[in-house]
1. Out of curiosity, is Leu123 closer than 21 Å to Glu67 by Cα and either in contact with a helix residue (DSSP H, G or I) (Cβ under 9 Å, 6 or more places away or on another chain) or buried (at least 21 other Cβ atoms within 10 Å of the Cβ) (or both)?
2. How many residues, within region 223-264, are surrounded by fewer than 23 Cβ atoms within 10 Å (Cβ to Cβ) and small (Gly, Ala, Ser)?
3. Could you tell me whether Asn220 is among the polar types (S, T, N, Q), surrounded by fewer than 23 Cβ atoms within 10 Å (Cβ to Cβ) and in contact with a Phe, Trp or Tyr (Cβ under 9 Å, 6 or more places away or on another chain)?
4. What tally of residues in region 128-176 results from selecting those that are open to solvent by less than 10 Å² (accessible area, probe 1.4 Å), in a helix (DSSP H, G or I) and in contact with a strand residue (DSSP E or B) (Cβ under 8 Å, 6 or more places away or on another chain)?
5. For region 179-269, give me every one of the strands (runs of 3 or more DSSP E) that falls completely inside it and has 3 or more residues that are under 18 Å from Arg280 (Cα atoms).
6. Given the options Phe208, Phe194, name the one that is open to solvent by less than 60 Å² (accessible area, probe 1.4 Å) and farther than 23 Å from Asp31 by Cα.
7. Please name all residue pairs, on different chains or six or more residues apart, with Cβ atoms under 7 Å, provided the first residue is in region 206-225 and is touching a residue at least 40 places away in the same chain (Cβ under 8 Å) and the second residue is assigned to a loop (DSSP other than H, G, I, E, B) and open to solvent by less than 10 Å² (accessible area, probe 1.4 Å).
8. Being exposed (fewer than 15 other Cβ atoms within 10 Å of the Cβ), among the β-branched types (Val, Ile, Thr), under 30 Å from Tyr261 (Cα atoms) and modelled with pLDDT of 50 or more is true for just one of Thr387, Thr374. Which residue is that?
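The values are calculated or read from the model by the stated rules, or taken from the named source; none is laboratory data. Small disclaimer: the values here were computed from a predicted structure and weren't measured. A quick note on method: Cβ atoms are made from the backbone with ideal geometry, for glycine too, and the neighbour counts reach across all protein chains shown. Heads up: the accessible areas ignore ligands, DNA and RNA and are worked out on the full protein's heavy atoms, side chains in. Shrake-Rupley method; radii C 1.70, N 1.55, O 1.52, S 1.80 Å.
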Amino acid sequence: MVMFFSLFAGLGQAKADTAFKINGDSAILVDGKTGQVLFEQNADSMLGIASMSKMMTEYILLNAIKEGKVKWDQEYTVSDTVYKISQNKTLSNVPLRRDGKYKVKELYDAMAIYSANGATIALAEVLAGTEANFVKMMNDTANKLGLKDYKFVNSTGLSNKDYNGMQPTGSAEDENLMSARSVATLAFHLINDFPEVLKTASTPTMMFRGGTTDQIKMDNWNWMLPSLVYSYQGMEGLKTGHTDLAGNCFTGTAMRDGKRYITVVQNAKEANGQSTYKARFDETRKMMDFAFSNFSKEEVLPQHYVIKGNETVPVTSGKAKQVKIYTKTAVNIDTLNGDKNNYKPVLVLDKNKVDKNGALMAPIKKGDKVGYVTLVPKNGEKLSYLTGEEAQVDVIAAQDVEKANWFVLMMRGIGGFFGNVGHSIGHTVKGWF
């Protein structure tokens, strides 16, 4: 049995103003530390993601590095497929020699900074033997991360037709697809599980194989990095993408004054409807400006908040018949400026700790979790989080309640019995007159 108590009323809305609109097929704006969704637009439609796919390759590689399965200085020998793809100058690439040996770190840098497709396939082969095996890893990892809408057919995000018959899975017309929400969820896990990715993603330019005859300058495709053409203060990543199907896409992340946001835009467009490189940065800037200007992290409930009207909860089989409760820690959420008080907390008691009447079962120790408080706007909508978690905090007992001995329980039972009998007799007697 779950007990719900509405604690106090407020009027608020956690999402962005409905008048706010992004010029693109889909978009989402989230808090980069908590995953709270602050704005979304068609965020659950599966659309092309192009090279934003490489964030999954980055995630799997960094996890393999962490687990010691792959080392940065590990060498890779170029396969025939990687050689041919890497020589295609119509794609983003660093040309790799047919007989060349390359370290994992330099292939990673080429992928993360320059979106090099041949280097990405090379890493897929390092991690899984073949790109086809790696695609299975991508889909399995997406499932483990809780992504809802996704389809990976290759490691790069290229259209399969660009593989010229060498695609690892699917038909020549297939391409990687994800919803904006799933892309944002992937980015959220990537930067929180492996924050070191931002050091590479924020590198504006790097020389591949510098000082050799193979050197090539790799300029970051994220032109919103502070030193580049569409400079944005605090921008640190994360991944651009473009194919004919996907249009111009971008997953961005920026941090200012301790606040981090993640944005995703798919098939960003100019006012005339044309999808351009500039449009993906303009629409990202719009979301970032909106977030930094209009949202703030607010303490909506303090630590040890005593729930008004529910300062105590009934206890069964205890020496005391009630137990005092309060919140274990504070509750902090992103709120629109001036909206701090426009939420209602709801108390939910742990169904495993209450009896059929909704009373907590003794014994109870001070500090024991007895449930949680969650915050919702007054209109009943839930605050949305990428991880599925709500804005909530544990509610704990503020005191010990020992279990009553058999004699006390017996006397209570007797007292209750005679109390009920007396009530029945009184009711009957009244009925005589």
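1. Yes; evaluated as a whole, the condition is true for this residue.
2. Matching residues across region 223-264 total 4.
3. Spelling it out, Asn220 is indeed among the polar types (S, T, N, Q), surrounded by fewer than 23 Cβ atoms within 10 Å (Cβ to Cβ) and in contact with a Phe, Trp or Tyr (Cβ under 9 Å, 6 or more places away or on another chain).
4. Total satisfying the criteria: 1.
5. Those strands (runs of 3 or more DSSP E) span 235-243, 247-256, 259-266.
6. Just a single option satisfies the conditions, and that option is Phe208.
7. Sorted first by the residue in region 206-225, then by its partner, the pairs are Phe208/Val94; Ile216/Val94; Met218/Val94; Trp221/Ser115; Met224/Tyr232.
8. Of the residues listed, the single one that is exposed (fewer than 15 other Cβ atoms within 10 Å of the Cβ), among the β-branched types (Val, Ile, Thr), under 30 Å from Tyr261 (Cα atoms) and modelled with pLDDT of 50 or more is Thr387.
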